[in-house]
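The values are calculated or read from the model by the stated rules, or taken from the named source; none is laboratory data. Keep in mind that what you see is a predicted model, and the values were worked out from it rather than measured. Please note: Cβ atoms are built from the backbone with ideal geometry, for glycine as well, and neighbour counts cover all protein chains shown. Protein only, heavy atoms only, side chains kept; ligands, DNA and RNA dropped before computing areas. Shrake-Rupley method; radii C 1.70, N 1.55, O 1.52, S 1.80 Å.
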Protein chains: 4
Amino acid sequence: MSFNTFGHLFRVTTWGESHGPALGATIDGCPPGVPLDASMLQRWLDRRKPGQSKFTTQRREADEVEILSGVFEGMTTGTPIQLMIRNTDQRSKDYGDIAEKFRPGHADITYWQKYGIRDYRGGGRSSARETAARVAAGGVAREALRALVPGCAITGYMVRMGEKQIDRAAFDAEEIERNPFWVPDAQAAKDWADYLGELRKSGSSVGAAIEVVAQGMPPCLGAPVYAKLDTELAAAMMSINAVKGVEIGEGMEAAGLTGEANADEIYMGNDGRPRFNSNHAGGILGGISTGQDIVVRFAVKPTSSILTPRRTIDKQGQETEIVTKGRHDPCVGIRAVPVGEAMMACVLLDHLLLDRAQTGGVRGAIGPDAG
Amino acid sequence: MSFNTFGHLFRVTTWGESHGPALGATIDGCPPGVPLDASMLQRWLDRRKPGQSKFTTQRREADEVEILSGVFEGMTTGTPIQLMIRNTDQRSKDYGDIAEKFRPGHADITYWQKYGIRDYRGGGRSSARETAARVAAGGVAREALRALVPGCAITGYMVRMGEKQIDRAAFDAEEIERNPFWVPDAQAAKDWADYLGELRKSGSSVGAAIEVVAQGMPPCLGAPVYAKLDTELAAAMMSINAVKGVEIGEGMEAAGLTGEANADEIYMGNDGRPRFNSNHAGGILGGISTGQDIVVRFAVKPTSSILTPRRTIDKQGQETEIVTKGRHDPCVGIRAVPVGEAMMACVLLDHLLLDRAQTGGVRGAIGPDAG
Amino acid sequence: MSFNTFGHLFRVTTWGESHGPALGATIDGCPPGVPLDASMLQRWLDRRKPGQSKFTTQRREADEVEILSGVFEGMTTGTPIQLMIRNTDQRSKDYGDIAEKFRPGHADITYWQKYGIRDYRGGGRSSARETAARVAAGGVAREALRALVPGCAITGYMVRMGEKQIDRAAFDAEEIERNPFWVPDAQAAKDWADYLGELRKSGSSVGAAIEVVAQGMPPCLGAPVYAKLDTELAAAMMSINAVKGVEIGEGMEAAGLTGEANADEIYMGNDGRPRFNSNHAGGILGGISTGQDIVVRFAVKPTSSILTPRRTIDKQGQETEIVTKGRHDPCVGIRAVPVGEAMMACVLLDHLLLDRAQTGGVRGAIGPDAG
Amino acid sequence: MSFNTFGHLFRVTTWGESHGPALGATIDGCPPGVPLDASMLQRWLDRRKPGQSKFTTQRREADEVEILSGVFEGMTTGTPIQLMIRNTDQRSKDYGDIAEKFRPGHADITYWQKYGIRDYRGGGRSSARETAARVAAGGVAREALRALVPGCAITGYMVRMGEKQIDRAAFDAEEIERNPFWVPDAQAAKDWADYLGELRKSGSSVGAAIEVVAQGMPPCLGAPVYAKLDTELAAAMMSINAVKGVEIGEGMEAAGLTGEANADEIYMGNDGRPRFNSNHAGGILGGISTGQDIVVRFAVKPTSSILTPRRTIDKQGQETEIVTKGRHDPCVGIRAVPVGEAMMACVLLDHLLLDRAQTGGVRGAIGPDAG
């Protein structure tokens, strides 16, 4: 019942503040016998790391992860895995103004009211820096998934940034790794660079939408009624900083469809397993995975750190204005891509373990030979 | 870590199948001393009850709730509250065809694969009938909220049905109770009746979007990082049958906004409490309520029970077609309105209790006299 | 976070008061495909039922259990199982005096202080009647265990009642079912009948100690560090009304042993599995079962309902005396035997499911052929 | 669902192995605004630290605790508190023999069977070194308790070591801090030193019993039915390495008492609050604290690391003998005293927070003026 923990059996507790000595993740419930070393996690952290292009915050962080426990002779032992990332760039001199004033659209004011504490150093616990710990934990989940479900893959990419949307017809998965936006479309990558460049120069910011897809996952993941896989993914994504909407498959557009348009018809594959003609459901029926691609999408609001002055109040209740200087992201959604992937990995691994517990892997046969 | 339970401190476990002897909710963690009797719950169940207009399933259920425990001399005692609703209309003769074939877009096939069990009687546990138990439990949450937060209100209404959307400019809260769609717009109510009437006659179905608003709630509800109020509401709504998208405030449209447009500016109210010029955030910043209206929206997909034949397979893996006859809703979203309200009530009460535990009600002062 | 629930994956929530309309257990997490009907549970409830000998309360309860959900065509479905027992003997006329005065040694006073509620009808939720729900739930756990671990057995018996202890040298398992004390020694059964008969006539009461043994259980159940099998069993037993001490294996006497005396030496069995020369550890090492008999013992205090006047206070804070008349057990420990068995069954099933999740059943080999 | 976590709202997850780079505790749910720095925790760690007398292991560990998160400007912030203790003395050269053979009475064999992992370096996760993390976490709980319940105190001491028991008539609380056994009796301290000195020289080991008392705690802590304060304390103590028995108040001896002897009679104190003539119940009735001293006792078995050869098997299933050389405690129970105190502190703080959530601090009045 912890509020810095997610997961049922694969449980991740993140800890640490933006400008404290360190941050990290305590993982409990990782299966034993999974090959693991720090380099396997570093790879994902490097993708999320700030300062990699002019489109992300210029804060310099090494984001080097140490494994302090839970791994022996290169294998997980089944005991808690402690992942620690030291904060190296802790300069807090920029934060003087923010120490007294509340930023509109930011957690400053609610944290102050709830806890009576103002950790003005870059947002403290509410900083998106917390997501580095998620990415590290997601790396562990990926390795465990890889061991349990050979051939599975989890891929995130941006589908919208402000006015710009991808052209689904031009979808090219290979492009994702080739541009700073993880956008699956070479032309979009160029357009978006111009668009965001302008916004950045003007000191503005913009929202984004990210899609994450899991491929090669087995059916039977998820559990009615309150741990539906849709529910779990929605909670996971909505817990990422600045996320305000989550969709599975058709998502909000399901409201506009008829039953005829929405139902994914079923047929038998050559391998004796059920197949579907379409995937409006995002790979989940009744809260349980069908074996199709699992598709989730989420929207990230624009950061409230902008150069245009906004009306606000200070701790004394005086009305004033605020301008947020310092190092910030014009589109925080960019760095949310690896975070969304990490959350997907954690949720799927958790449900793989739950399914082992619940059913022991027994499956209702479909067709003469299926088992 | 139970999958039929939701909530942290106000915990609701629903139980029961569509065509079993009864269904209900086991509530643990309701505070003692809340006035409660069955009539207070019946009121909400009557709103959700099927068969009230030609637009909802013609299944006849009394949906009468009994309180079996947890209430003594008209007050909650702090012990578990057991709410039971007998199923009275259990005829299952209609389900012969469905017993063997899987309905596209329905939980049949995933339940079968996961559990090896086919409860063909109207969907068994995956039936929307489960939501009656949620509505009953939500009634308990409403009474506890009423005792703890005098003057608060929770209101749900439809904002979209297929091609039809409400005109926000014509929003009239008084209309909500006056039409079978709980739509806040008299003209829309008329149009939607025609639209859905046609769909119903043709044996089709359509999706819907519902908005639920909580008014008069205190600030400080919600908890970073993995029990953000947005997260909790997203999980709650996504756990409702057929929901595929959830939004807080601007929701998915936050992806299209700039920082200037999205930030809700702050000023001081006459009562010495902070106020906001707008509510793009849906009343939640950093996962914690601001004291503004809390606004959540969710999309319900169209039911897969339609008269047009769809391709599918049966338990033997044979390809075939299916037509779903029997009593069904052309727009299941209609009856999701009271369910969304119930989930909102449960989540907010839960977080009121959590906030008592976490902070003891201490608040950061804003302004000279605030406390 | 729920206080009327126990278990991690096999979760049992009991509900109901001594004199309300009904009580029962909501079970979430039972595996699908376990054969189950009410008669399988009734068998265990009949053992616990009051009024079966002159040594237990003369309250007459049919204790008939109904299964309201979770079972279809004689098999569990994996959905919540609701078990309900109607209270038939609800006469509360005897309780006038108790409504105002607090019974020394009873939960009256702490419930009143904590909840501000006085459910004077036989103790309300704090009544040992709650244990009927545990026994019913334990029956479900037994059936699931029987399906998963063929040949396992769980047996409880009394080892002490007041001044009387069993003679371990005369231990005869067959005697357990033959006497009203479930004592494994025919001679003891006779002596205890005389002893308790005298106590009953004098309106006194006496404590007891119960031992519960699980045989035929696999190794590898339990989990370090805070879900050690010892820990789980201790919590389970200590949650039974009136229990004040719990022991695993040597228990409190382990304090008196040397390392030489306490270590259970290991050798190889003919079947290539490890065996032990003794069982001081009660079948649990490092929190994990060894495959030996799992042995737990607990002490039940004497009921505070006695005919000798005791000094106390009333709700107005006036000092007074109290004598508890009405129907009561001279040794409540007797009826705790089937309750202890039920708790053991629930804990072991829960850990069987957890072990499936954690390790998938992989085992470190011992010896050349072991797997 | 986590197995390295304890607590409901004050949640402590310990992590780390005996010979890994570090170990520690991740604390989630500490209230904000509690004064805290590392020196407040170091004080308790120093009490538990090995190598302080000839009666504890000669392993040299600085056991210096660092606070990595959750504290800002000397106060807890309500965010997770990460406590890290570096392992400095990691020499593992002594463990060659143990790498292949299983120590009777030790977790070696069950860990191997369950996880297929052999962390032979001093027991890995099953080492009592894990309890350093508990003591650090308990220090945080003590500070929070001190802030919420001024004047409360938690004190542990040994009451038995092998054949030796304390003389309750000679109980002198001031002696506890004056001897290496934390025994409340100067004469016993001398006798025990001789007794244990002999055992140590012979390479033997011995068990112990520890009592922990909480004074000045309010009534109303604890919750029926499955989070009774007795239950929570039993689980907490039984989770400590090598503990095999737990008692509340009279404990196992309650089995021998009559109702007359066991009931603690009630009268009114001069301050208008109820008082009791005795404390057989250990300060807990119906699972809820009475305001009396809360008394728990637990037995620690002798360590299995002894110089006398014991029969065992190795990983290949070969029968052999084992002698455990190296640095070990002749009576591990000594260092369990501060661990028991720490667990008591954590449980009580957790229930203070739960009580705030459940009842908001409302209390049933006893007497005319009470509130």
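May I ask you to list, by number, the DSSP H helices of chain B whose Cα span along the axis is at least 24 Å and whose average Kyte-Doolittle hydropathy reaches 1.0 or more? If you can, show how the numbers build up before the last one.
Working: long enough: B:130-148 (28 Å, 0.35); B:333-359 (39 Å, 0.75).
Taking the DSSP H segments of chain B (at least 24 Å long, mean hydropathy at least 1.0), we get none.
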Discussion item. Could you identify which residue out of A:Thr79, A:Thr359, A:Thr13 has the top mean-square fluctuation in a GNM of chain A using Cα springs shorter than 10 Å?
Written reply: A:Thr359
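Just how many % of Cα pairs in region C:15-60 lie over 13 Å apart, if you round to the nearest whole percent?
Numbers: 752 of 1035 pairs.
Here the tail beyond 13 Å accounts for 73 percent of pairs.
May I ask which of C:Lys201/D:Lys301; A:Lys244/C:Lys114; C:Lys244/D:Lys201; B:Lys54/B:Lys244; A:Lys49/D:Lys49 have a Cα-Cα span longer than 32 Å here? Working shown, then result.
On the way: C:Lys201/D:Lys301 42 Å; A:Lys244/C:Lys114 40 Å; C:Lys244/D:Lys201 37 Å; B:Lys54/B:Lys244 25 Å; A:Lys49/D:Lys49 40 Å.
Distance filter (> 32 Å) returns C:Lys201/D:Lys301; A:Lys244/C:Lys114; C:Lys244/D:Lys201; A:Lys49/D:Lys49.
How big is the B-A contact in terms of buried accessible area, both chains counted, 1.4 Å probe, rounded to the nearest 100 Å²?
Values: alone 17730 and 17720 Å², together 26290 Å².
Buried area between the two chains comes out at roughly 9200 Å².
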Worksheet item: What share of all Cα pairs of region B:129-248, in percent, falls into each consecutive 5 Å distance bin?
Response: 2, 9, 15, 19, 21, 17, 10, 5, 2, 1
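Given Cβ point charges of +1 (Lys, Arg) and -1 (Asp, Glu) and nothing else, what value in debye, to the nearest 20, does the dipole of region B:25-83 about its Cα centre take?
Values: 7 positive and 8 negative charges, 100 e Å.
The dipole magnitude comes to about 480 debye.
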Worksheet entry | Shape box of region A:271-310 [Cα atoms, principal axes, largest first, Å] | 62, 17, 13
Response to the item:
Taking the square root of 5λ for each eigenvalue of the C-alpha gyration tensor of region A:198-283, the equivalent ellipsoid has semi-axes, largest first and in whole angstrom, of 32, 17, 14
Fill in: Highest-fluctuation residue, D:Gly16, D:Gly287, D:Gly197 considered, GNM on chain D with Cα pairs under 10 Å
D:Gly197
Worksheet item: Residue farthest toward the positive end of the dipole of chain C, with Cβ of Lys/Arg at +1 and Asp/Glu at -1: which of C:Thr26, C:Ala136, C:Thr88?
Response: C:Thr88
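Any idea what the dipole of the protein assembly as shown comes to, in debye rounded to 20, about its Cα centre with Lys/Arg Cβ at +1 and Asp/Glu Cβ at -1? Spell out each step's value before the answer.
Numbers: 168 positive and 184 negative charges, 1 e Å.
Around 0 debye, computed over the protein assembly as shown.
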Fill in: Per-residue SASA entry for D:Thr308, accessible area with 1.4 Å probe, Å² rounded to 10
50
Worksheet item: How big is region D:191-340 on each of its three principal axes, counting only the C-alpha atoms and giving the largest first in Å?
Response: 66, 38, 29
Worksheet item: Counting pairs of Cα atoms in region A:105-197, how many percent are more than 21 Å apart?
Response: 58
Response to the item:
For region C:37-84, the convex hull over Cα atoms projects on average to an area in nm² of 3.6
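Just the accessible area per residue of region D:88-171, please: how many Å² with a 1.4 Å probe? The partial results should precede the final answer.
Working: 2910 Å² over 84 residues.
That works out to 35 Å² per residue.
Using a 1.4 Å probe on the protein chains only, how many percent of the accessible area of the protein assembly as shown belongs to carbon and sulfur? Numbers along the way, then the final one.
Working: 21810 of 45210 Å².
That share works out to 48 percent.
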Response to the item:
Percent of all Cα-Cα pairs per 20 Å bin for chain A, counting from 0 up to the last occupied bin, reads 27, 56, 16, 1
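Once every DSSP H run of n ≥ 4 in chain A is given -39500 (n - 2.57) and the sum is divided by its residues, what mean residue ellipticity at 222 nm do you get, rounded to the nearest 500 deg cm²/dmol? Don't skip to the end; give the middle numbers.
Working: 7 runs with 95 residues, N = 371.
It comes out at -8000 deg cm²/dmol, rounded to the nearest 500.
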Worksheet item: Along the principal axes of its C-alpha atoms, what lengths does the protein assembly as shown span, in descending order and rounded to whole Å?
Response: 84, 72, 66
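In cubic angstrom, how much convex hull volume per residue do the alpha carbon atoms of region C:34-178 span? Please list the in-between numbers first.
Values: hull volume 25.5 nm³, N = 145.
Convex hull of Cα atoms, per residue: 176 Å³.
Below 14 angstrom from the Cβ of B:Gly162, what's the summed charge of the other residues (Lys, Arg +1; Asp, Glu -1)?
Values: positive: B:Arg160, B:Lys164, B:Arg200, B:Lys301; negative: A:Glu250, A:Glu253, A:Glu260, B:Glu163, B:Asp191, B:Asp194, B:Glu198, B:Asp329.
Spelling it out: positives minus negatives among the neighbours equals -4.
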Fill in: Check: region A:203-272 dipole with +1 on Lys, Arg Cβ and -1 on Asp, Glu Cβ, in debye
380
Worksheet item: Picking from D:Leu68, D:Leu221, D:Leu36, which is most flexible by a Gaussian network model of chain D using Cα springs under 10 Å?
Response: D:Leu68
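Over region D:304-358, what number does the Rg to Rh ratio reach, with both radii from the alpha-carbon atoms and Rh per Kirkwood? Provide the component values of the computation, followed by the final result.
On the way: Rg = 20.3 Å, Rh = 15.1 Å.
Ratio value, two decimals: 1.35.
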Worksheet entry | Where Rh is the Kirkwood radius over Cα pairs, Rg/Rh for region D:254-322 | 1.41
